[in-house]
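J.: What follows is a single structure, and I will ask about it in a moment.
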Amino acid sequence: PLTITVDGLAKLLGVQNSHLMRKMANIGMDKLANDYLLTNEEAAEIALEYEVVPIIPDSTGPELYPRKIPEDMSVHPLRPPVVTIMGHVDHGKTTLLDTLRNSSITAGEAGGITQHIGAFSVQLKSGQAITFLDTPGHAAFSAMRARGANATDIVVLVVAADDGVMPQTKEAIQHALDADVPIIVAINKCDKHGVDPSRIKDELLKYGIQTEDLGGDIQAVEISALKGTGVEELSESIVTLAEILDLRAEVDIPAQGTVIESQIERGRGNVASVLIKRGTLKVGDIIVAGTAWCKVRSMADDRGNSVKEAGPASAVEIMGWKEIPKAGDMVLQAENEGQAKSVVDSRVEKRKNKDKLAAVAAMNVQRRETH
Ligand code: GTP
Ligand code: MG
């Protein structure tokens, strides 16, 4: 049944229509009109983006919802920040990620092979940890990057000093601003002759990025991802910002997270990398993501080490999925297999209904156009 317009939902949530529509676009909805009637499922999905837990009165079956965020987070422990690196093609994102990843491999592990799981954790000398999401850099992945921005606490915007602000730099700024994610600027390739980092700061000002030098509160660090200079300073800037953000999470609740990657692997079956956002996931737990569920058979970290539990802001590779979950799907823990199965069944059913509605809507449009 159709229940609420885009306009109505924006009023209900107390947000601007344009902001709501940007959120909708970010999660892949394209019915971007004020008077568009949303289905219950669509409205619920958008509400969740605002961390509002919707109650669907006529839900057709069992569903799992994230726990309410407690009002007083100060009693919960601090957690590492989750950081996404964004920027224009060839500005040095991959090089920076490699430098960060290598800097995190301690002597004892030097021979260890790092696994690509879409995220990795860096341990600083101070003992603090940072989780980096390793998102793809090409324009074709912009939808996924939009999701990345939502799963992330901090965006590191890489701008090459010899190239300046380019289309995907602007796009990254927009994603970060839309998702209300704070930015740290990394002015890269500062090892090159004749480059002027202050020119980049002036340029960024035009796009609403006011760095500290220019009286703003956005940190900018001059680095060479290739040579490794300034990279430690960048990590320190991230930690400083994380402290200001006071990032905390409940540890002793059922796990909640996001699928960052998934694939079928020979000999290992369906494998998904999951970023845990709240709670702790343990081997043997039952989780649901979209229309896939999993009894966690085993978990591995970014070094390929097997782990028994994963807490807030850690990324793990999870084995044991009955079906392959989709990147971007929310992961929620179920109480038991029975609950997981019935939630999946009801989601499959809801999806069928949604598809039917979409087919009817498309037919109506066609009919209108031919008349
Ligand atoms: P896409 O994934 O294609 O978007 O590119 P990217 O942003 O990941 O850039 P990548 O790290 O692949 O770097 C592109 C080129 O710039 C490579 O040839 C790097 O060696 C070079 N590069 C990256 N960082 C630096 C740097 O700090 N200094 C210099 N001189 N070159 C760099
Ligand atoms: Mg790259």
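J.: When the chain is treated as a GNM, springs tying every alpha-carbon pair under 10 Å, which of Leu332, Leu20, Leu205 comes out with the largest mean-square fluctuation?
T.: Comparing Leu332, Leu20, Leu205 in the GNM, the peak value goes to Leu205.
J.: Between Lys354 and Met29, what is the label-to-label distance in nm when each label sits 7 Å out along the Cα-to-Cβ direction?
T.: My value for the distance between the label points is 1.0 nm.
J.: Right, another one. Rounded, prolate or oblate, given the Cα gyration tensor of segment 173-229, with a/c below 1.5 counting as rounded?
T.: prolate
J.: Below 8 Å between Cα atoms, with a sequence gap of 6+, how large is the relative contact order for the chain in percent?
T.: It comes to 15 percent, rounded to a whole number.
J.: Can you show me the helix-derived [θ] at 222 nm for the chain, built from DSSP H runs with n ≥ 4 at -39,500 (n - 2.57) apiece and divided by the number of residues, rounded to the nearest 500.
T.: -10000 deg cm²/dmol
J.: Report, in listed order, any pair from Lys282/Lys341; Lys93/Lys189; Lys68/Lys308; Lys31/Lys354; Lys322/Lys350; Lys192/Lys227 with a Cα-Cα distance greater than 22 Å.
T.: Lys68/Lys308
J.: Given labels modelled 7 Å from the Cα in the Cβ direction, how far is it in nm from Asp345 to Asp180?
T.: Placing both labels 7 Å beyond Cα along the Cβ direction yields 3.8 nm.
Every number in this text was worked out from the coordinates using simple rules, so none of it is lab data. Only a predicted model underlies this, so the values are computations on that prediction, with no experimental measurement involved. Quick reminder, even Gly has a Cβ in these numbers, built from the backbone with ideal geometry, and neighbours come from all protein chains shown.
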